[in-house]
Amino acid sequence: MCVTIALSPITDSYRPWDYRTRTITLPDTLPAEHRLRVVRAVLAELAVPQTESGARCWCGAAVELPRIPQRTRRTTGMVISHGA
């Protein structure tokens, strides 16, 4: 995969696409269910054709989105919420 996806706070220097590092930066406040749609939109603006599902890099590889891992309590097995 040629493109990297990063999460970052929005600042004055926020840029969704950095051509030097080939990084699409998403706001860290963007809900996880909207990230794929935003990545597809940025890639479409860069004239990268997209398939019907998922997001594809210009090399054709699937783009992987950053995830916040779920942690579980060792004693109860319950999922601990990270607020994301």
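The values are calculated or read from the model by the stated rules, or taken from the named source; none is laboratory data. Note that the coordinates shown come from a computational prediction; the quantities given were computed from them, not determined experimentally. With ideal geometry, Cβ positions are generated from the backbone for all residues, glycine too; neighbour counts draw on all protein chains shown.
Please enumerate the residues belonging to the stretch 43-59 that are at pLDDT below 90 and either surrounded by 10 or more Cβ atoms within 10 Å (Cβ to Cβ) or in contact with a Phe, Trp or Tyr (Cβ under 9 Å, 6 or more places away or on another chain) (or both).
THR51, GLY54, TRP58
Hey, can you tell me all the residues within the stretch 22-36 that are part of a loop (DSSP other than H, G, I, E, B) and under 16 Å from CYS59 (Cβ atoms)? Explain how you work it out, then say what you get.
First, pick out the residues of the stretch 22-36 that are part of a loop (DSSP other than H, G, I, E, B): 22, 28-31.
ARG22 - this is the single residue of the stretch 22-36 that is part of a loop (DSSP other than H, G, I, E, B) and under 16 Å from CYS59 (Cβ atoms).
What's the number of the condition VAL39 fails, among (1) surrounded by 11 or more Cβ atoms within 10 Å (Cβ to Cβ); (2) assigned to a loop (DSSP other than H, G, I, E, B)?
Exception for VAL39: condition (2).
Every residue in the stretch 1-15 that is in a loop (DSSP other than H, G, I, E, B) and modelled with pLDDT of 90 or more, please. Break it down stepwise before answering.
Of the residues in the stretch 1-15, the ones in a loop (DSSP other than H, G, I, E, B) are 1-3, 9-15.
If the condition is that a residue be in a loop (DSSP other than H, G, I, E, B) and modelled with pLDDT of 90 or more, then VAL3 is the only one that fits.
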